[in-house]
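Written out below as structure tokens is the structure these notes cover.
The values are calculated or read from the model by the stated rules, or taken from the named source; none is laboratory data. Computed from a prediction, not measured in an experiment: that's the story for all the values here. Cβ placement follows ideal geometry from the backbone for every residue including glycine, while neighbour counts extend to all protein chains displayed. The area values use the complete protein model at the heavy-atom level, side chains included, leaving out ligands, DNA and RNA. Shrake-Rupley method; radii C 1.70, N 1.55, O 1.52, S 1.80 Å.
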Amino acid sequence: MSEARVGLVIEDDHDIRELVRTVLTQAGFDVTVASGGAEGVLMAKSLNPDVITLDLGLPDIDGFEVSRQIREFSDAYIVMLTARTEELDTLIGLESGADDYLTKPFRPRELRARVAAMMRRPRSVPDPGDVGAEVSPDSAAHPERGNFSHNGLELSYASRTVMVDGKEMNLTRTEFELLYALLEAGRTVRTKSDLVRRLRDEDYDVGSYISEADERSVEVHMGNLRKKLGDSPQQPRWLQTVRGVGYRLAPGQH
């Protein structure tokens, strides 16, 4: 038997806390709960969880700050649960390091589906034949067993590492997955909807509903990724925006 995955629920509402605990337990997680932000940060340090659900409206530290603190030492997937519907709150949550969000009230099966998609992302090394299938001939990326090299950036899917000019980058798993998707596609444009489905581990053509908020969340993650890489939107070295459509890999530099 493999070691159980660890889930951490940081939520002050008892009923929601128990609902999320039940959902994650049924999904195969060994679940611990915390009712406050400070307690949640300490548990995240000691437990090294795979997935954290985090309420924004905590009584002591707000969820944004909890997320920032956890991101200083953990690459766990963070799903924010919020009763707020304002887009700004969602964006701040994603900018503070969250991978995804759900608005209360949410359907338990939706939470379970989101978590399941997250957990599928980094668990296996892709087949070399599949990795290179969509790379454009004019791309400088060279896929070999999930490895890419482009304009001084090196990505290894097997080790989940990204190096820029010899320096290792500290990316969240979502940021890593988006960067990998663009390297994999080469100069082929990936629409925002494509990238949302990629993060959900869905086929690109399944036709599932993609909201404006879903696409906006991709924009926020891409903005965070740009900042970490030190990439310029005006003169991109790696991440080129195709206005009104999506993103693609910037041309190779010679």
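The table below gives the values:
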{"item": "Long-range HN-HN contacts of Tyr101 with modeled amide H, under 5 Å", "result": "Met80"}
{"item": "Under 24 Å from the Cα of Lys228 - lysines, other chains or at least 8 residues apart", "result": "Lys45, Lys167, Lys192"}
{"item": "Segment Gln234-Leu102, extension gain: residue separation times 0.36 nm, minus the distance between their alpha carbons", "result": "44.3 nm"}
{"item": "Stretch gain in nm, segment Asp15-Ser211, where the contour uses 0.36 nm per residue and the Cα spacing is subtracted", "result": "67.8 nm"}
{"item": "Per-peptide average of other Cβ atoms within 10 Å, ordering 239-247, 74-82, 52-60, 9-17 highest first", "result": "74-82, 52-60, 9-17, 239-247"}
{"item": "Gain on full stretching of the segment that runs from Arg68 to Thr161 - 0.36 nm per residue minus C-alpha separation", "result": "31.4 nm"}
{"item": "Arg120 - accessible surface, heavy atoms, 1.4 Å probe, Å² rounded to 10", "result": "120 Å²"}
